[in-house]
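First up is the structure itself, then whatever we jot down about it.
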Amino acid sequence: MAPLARFAAVAGARFGPGLAIWGLGLLLALSLPGTVWKAAQPPPFPWAALPPTLAAVALLGLAAPALVWLGGPGLARRRSLALLEAPPDLLWAAYLLALWPAVWGPPTLPAWLLAFLLAALPGEVHWLSQALPGEDPFPLAWGPRAQRRVRWLALRRLWPRWLAARLPLWLTATLVLERILGVPGLGSDWLARVSRRDRVGLAVWVMALALLWFISRAWDREHA
Amino acid sequence: MSWRLVFLAALLLPELGLAPFQGGLAPTWSHPLGTDDLGRDALLRLLLAAARSLGFASACALLSLGLGLGLGLAWWGRRLESALSALRGLPPLLFLLPLAATTGGFTLPVTGLLLGGLAAPHLAPALRVRLDTFRQSPAWAAERCLGAPWPSRLRRWGPYAWTQAAALFPSAWLSALWGEATLSALGLGPPPGRDSLGRLLAEELPRLGSDPSPLGWAALAMVLLLAWISAMGKGEA
């Protein structure tokens, strides 16, 4: 019984206050005041937006680690990367919108995908390269092969934690991009549920975000 | 940090006067970017909006650093670690949307308080790393062992802690700047009548592709310039 009680105490201290915050978020979603002036069904979940979103996340999830694997931790100190990372997603979308040739029709999913990658990729490469361990003097002294191997091992450990920690932020980025480019998607779904007072739908979103937090925290073995 | 604080004064500047009969003028020598629909000089409006956005970002950054410092100190016992991690996991925008719907929009001070408060948990870990060096120093241990009173400890270590916090000011400033711009572009920022870069972008973005105005492009260029100045200021190699 003692190990079980100890485990419960450790888990309570590790997750308890955080779960309380998520509980408050859930309460806010479920008690969202106000009613819509005309009764309306909750918006349908944008299933059509799911495959492109998953494709974008998969592309980002592969491209960022691949670039970091090639560039190493030195990328975190590159000024060019900092310059690419600096403009917010709002600005990338605005430039795409302004430069989109009229003959191509309204900017749809390809523009959204491009804006998403432009906004997210430099920041994620910076995040991952900062998290990589230093390479001087070792494995630098062991040669490029050992260097790549060490990077691969470090990235393999970082990858799930990175994905779980960053997914909520990408969701916010998609909300901004979708609103500016006029593309319906997962981010706008949150906004639509707020405007239609779909409390249950919002609560499901909060629980999904809480689950991501829980996963990323469970993976995070270090006491930061 | 100091040049950014100068812009706090811009928060007190009055709005430009309206001249509806001179609206929509093309760029001339007297109005280099032309005038907007309400007859305001577009260049003046852009400069005023930029200065006000920068001042607003400075105020938010000061607030979030103060709060972050408090959280960083409180975090020493690690009792708040899990709660702060959860606060960092909830994207601010997704939290602000229901809140804006509940309250029917935010005023400028409320937006500042919310942005500053929501940025503080993100600053706390970096602050804690910086403060750990003096927490583990022999001088701090000696003060604790000798039972120095809190006011005396604060007088000695407070300025050091603030210097460490000030090093994070540029990143806090930048996140406040983008936070306000994003909220305004989504229509959730401060109410009309208070020009800011985000409000200018929100006004100009819808017609940027079809009817591009010099003001829209100038606002975009201004935001890009600010982003790059901040990135250069990070001291990258």
- Note on the structure: Under the 7 Å Cα-to-Cβ spin-label approximation, B:ALA19 and B:ARG207 lie apart by a distance in nanometres of 1.9
- Task: Estimate the FRET efficiency between B:GLN136 and B:LEU5 by the formula 1/(1 + (r/R0)^6), using the beta-carbon distance for r and 41 Å for R0, to the nearest 0.05.
- Result: 0.85
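Would you please calculate the Kirkwood hydrodynamic radius of segment B:99-237 over all C-alpha pairs and express it in Å, rounded to one decimal? Intermediate values should be presented prior to the final figure.
Details: mean 1/r = 0.0549 Å⁻¹.
Evaluated on segment B:99-237, it is 18.2 Å.
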- Item | Euclidean distance of C-alpha centroids, segment A:150-224 and segment B:140-204, integer Å | 25
- In deg cm²/dmol and to the nearest 500, what is the mean residue ellipticity at 222 nm of chain A if only DSSP H runs of at least 4 residues count, each as -39500 (n - 2.57), divided by the residue total? -25000 deg cm²/dmol
- Message: Step by step: find N for segment A:45-219, compute 2.2 N^0.38 Å, then divide the Cα radius of gyration by it. What's the final number?
- Response: 1.17
- Message: At 1.306 mPa s and 10 °C, plugging the Kirkwood radius over alpha-carbon pairs of segment A:23-68 into Stokes-Einstein gives what diffusion coefficient in µm²/s?
- Response: 110
- Message: Need the full-extension length gain, A:LEU30 to A:ALA141, defined as separation in residues times 0.36 nm minus the C-alpha distance. One decimal, nm.
- Response: 34.2 nm
- Item | Cα pair distances in the protein assembly as shown, grouped into 20 Å bins until the bin that holds the longest one, percent each | 21, 55, 22, 2, 0
- Query: In a GNM of chain A with a 10 Å cut-off on Cα contacts, which of A:ARG166, A:ARG196, A:ARG79 has the highest mean-square fluctuation?
  - Reply: A:ARG79
- Item | Among B:GLY158, B:GLY198, B:GLY116: highest mean-square fluctuation, GNM of chain B, C-alpha pairs under 10 Å | B:GLY158
- Applying 1/(1 + (r/R0)^6) with R0 = 60 Å to the Cβ-Cβ distance of A:ARG148 and B:LEU146, what FRET efficiency is obtained, to the nearest 0.05? 0.70
- Query: Given only helices, namely DSSP H runs of n ≥ 4 each adding -39500 (n - 2.57), what is the per-residue ellipticity at 222 nm of chain B, to the nearest 500 deg cm²/dmol?
  - Reply: -21500 deg cm²/dmol
- Task: Pop the C-beta distance of A:ALA48 and B:LEU99 into the FRET formula with R0 = 25 Å and round what comes out to the nearest 0.05.
- Result: 0.30
- Item | Compactness relative to 2.2 N^0.38 Å, alpha carbon Rg of chain B | 1.21
- From the Cα centre of segment A:48-118 to that of segment B:14-50, the distance in Å is 34
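Each value in this text was obtained by applying a stated rule to the coordinates, not by laboratory testing. Keep in mind that what you see is a predicted model, and the values were worked out from it rather than measured. Using ideal geometry, Cβ is built from the backbone for each residue, glycine included, and neighbour counts are taken over all protein chains shown.
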